[in-house]
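Visitor: One structure is given below, represented as C-alpha cells, and several questions about it will come after.
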Amino acid sequence: MSKIVVGNFKMNMTLQDVAQYVQYINNINFNPNQNEIILCPSYIYIPYLNNNIKFKVGAQDVSANHMGSYTGEISAMQLKSENVKYSILGHSERRMNFRETENIINKKIRQCVDNNIKPIVCIGESKEERLMMKTEQILRRSILDLFRGFTKEQLSDIIVAYEPIWAIGSGITPTPKEIEETAYYIKDLVRSAYKVDIRVLYGGSINLSDMHKFIGLNNIDGYLIGGASIDVEEFSKIVELIS
Ligand code: 13P
C-alpha cells in the first residue's frame, strides 16, 4: 500500500544546509509513483526546494486570513502561487506557542481548501489527557470542530496526522497496537460522522531504528517525522525502507 512520508523540518537549517540536503537526497533510490514524500521546510526555502528536489514540498503553517494587514503572515494564496500543494496545520507546537485553537485551525483549513492545498492536520492528546483516559474524547472534539463547514469532497482531501503531544521529541511512542487502534478510531469517527474515508498518519519520535514497528500498520497511511527528517542520511534510509 502506498504511504505518505512528511518531513517537518520545523525551524531548522540554513540555505546552505538545505542545499546539501538536496544534493544528498536527490541521489537515493525512490520511485515517485509508489510513495509520496513531502518535505516541509521554513517558508523561505520553499521555492529553492521546489525548484531543486525530486520530492513534493509543503508548508508548516498558513495564515487563517485571506490577505491584508497581517504582518509576518503567509497566505494560502501566496503558497499556491509558489506551487505548494500541502501544508501542515495545527501542529501542537503552534497550538502551545501561538495559542492556536480549533476555531483558528478550522479557518486555516478553509484557506487551504480554497487554494487547492491539501491540509495535513495535526491532532493529539497531552500526557495528562492520556493518563485520564481522555484520548478518544480529545480527538473526537478536535475532529468535529476542525471539520466543521466542509463538503464531503473537501474533507476527503484532508490528511490527519495523529501526533500525541507526549511522543513528540521525547523518544517515547505509543505501542504499534495503540497507534493502530487510535488511527482506526479516527477513521471510523470520520466515516460515521461525514461518510468520508480519510488518510491518517502517525507522528512522534519516529526514527530509523524503530521504523520496523511502524511499517505495516494497517490503519496508518504514513508518517509525520520531525527530528529524523532533518538528518538527511537517516531520512533517506527511512524513505528507502518504505519503498
Ligand atoms: P519528532 O519526530 O522529532 O518527535 O517530531 C514529530 C513532529 O512534531 C512532527 O511534526
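Visitor: Taking the criterion of being open to solvent by less than 10 Å² (accessible area, probe 1.4 Å), within 16 Å of the ligand (Cβ to nearest atom) and modelled with pLDDT under 95, would at least one residue in the range 212-230 satisfy it?
Guide: yes
Visitor: Taking the criterion of being hydroxyl-bearing (Ser, Thr, Tyr) and more than 19 Å from Leu224 (Cβ to Cβ), would at least one residue in the range 131-152 satisfy it?
Guide: Yes, the conditions are met somewhere in the range 131-152.
Visitor: Residue check: is Ile88 part of a helix (DSSP H, G or I) and touching a strand residue (DSSP E or B) at 6+ places or on another chain (Cβ under 6 Å)?
Guide: When the stated conditions are applied, Ile88 does not pass them.
Visitor: Which of (1) away from the ligand (no atom under 15 Å from the Cβ); (2) of a type in the set (Val, Ile, Thr); (3) surrounded by 17 or more Cβ atoms within 10 Å (Cβ to Cβ) is the odd one out, the single condition Val200 does not satisfy?
Guide: Exception for Val200: condition (1).
Visitor: Need the failing condition index for Met13 against (1) out of contact with any strand residue (DSSP E or B) (no Cβ under 8 Å at 6 or more places or on another chain); (2) open to solvent by less than 50 Å² (accessible area, probe 1.4 Å); (3) free of Cβ contacts under 8 Å to residues at least 60 places away in the same chain, just the number.
Guide: The number of the failed condition is (3).
Visitor: I've got another one for you. Suppose we filter Gly149, Gly171 for residues that are on the phi > 0 side of the Ramachandran plot, open to solvent by 50 Å² or more (accessible area, probe 1.4 Å), at pLDDT 95 or above and more than 16 Å from the ligand (Cβ to nearest atom); which single one remains?
Guide: Only one candidate qualifies: Gly149.
Visitor: Restricted to the range 50-84, and to residues that are outside any helix (DSSP H, G or I) and touching a strand residue (DSSP E or B) at 6+ places or on another chain (Cβ under 6 Å), which residue is surrounded by the most Cβ atoms within 10 Å (Cβ to Cβ)?
Guide: Going through the qualifying residues, I end up with Val62.
The values are calculated or read from the model by the stated rules, or taken from the named source; none is laboratory data. Fair warning: this is a prediction, and the values are worked out from it, not measured in the lab. We place every Cβ from the backbone using ideal geometry, glycine too, and count neighbours over all the protein chains shown. Heads up: the accessible areas ignore ligands, DNA and RNA and are worked out on the full protein's heavy atoms, side chains in. Shrake-Rupley method; radii C 1.70, N 1.55, O 1.52, S 1.80 Å.
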